[in-house]
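Visitor: I'd like to ask you about the structure that follows.
None of the figures in this text is laboratory data; all of them are computed from the coordinates on show. Computed from a predicted structure; not experimentally measured. Here the Cβ is made from the backbone with ideal geometry for all residues, glycine too, and neighbour counts use every protein chain on show.
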Amino acid sequence: MIWKAAVADWETNRAEVKARGGRIKDWTHENPRPKKTDPEFKQEKAIPKPTLPKEVAVPIEESDGEDFGSVTLLDDEE
């Protein structure tokens with residue numbers, strides 16, 4: 001997971017600053033800990049489920065041979 005890797009990297013950088021004797025409070029203020037809600041770690045939204053159009057193709061047996069294509073069904077024809 002990308003977020004866990006970013007947190008692990010942040011913690012190692014924090015440990016290096018602490019080992020050098022730097023002020024942790026100042027460093028964490030300048031480099032905040034990564035959050036799951038940050039835009040770079042958010043999960044992409046789900047793709048919406050596709051819907052079928054109201055038009056259906058006419059089978060060859062039912063067509064008169066002149067106009068093979070799609071026919072729009074109206075509510076009163078069903």
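Visitor: If each of T37 and K18 carries a label point 7 Å out from its Cα toward its Cβ, how far apart are those two points in nm?
Guide: 2.6 nm
Visitor: Additional query: Give me a comma-separated list of calculated 3J(HN,Hα) values for the stretch 39-53, in order, Karplus coefficients 6.51, -1.76, 1.60 applied at θ = phi - 60°, integers in Hz, x for any Gly or Pro.
Guide: x, 6, 10, 5, 6, 5, 5, 5, 6, x, 5, x, 10, 7, x
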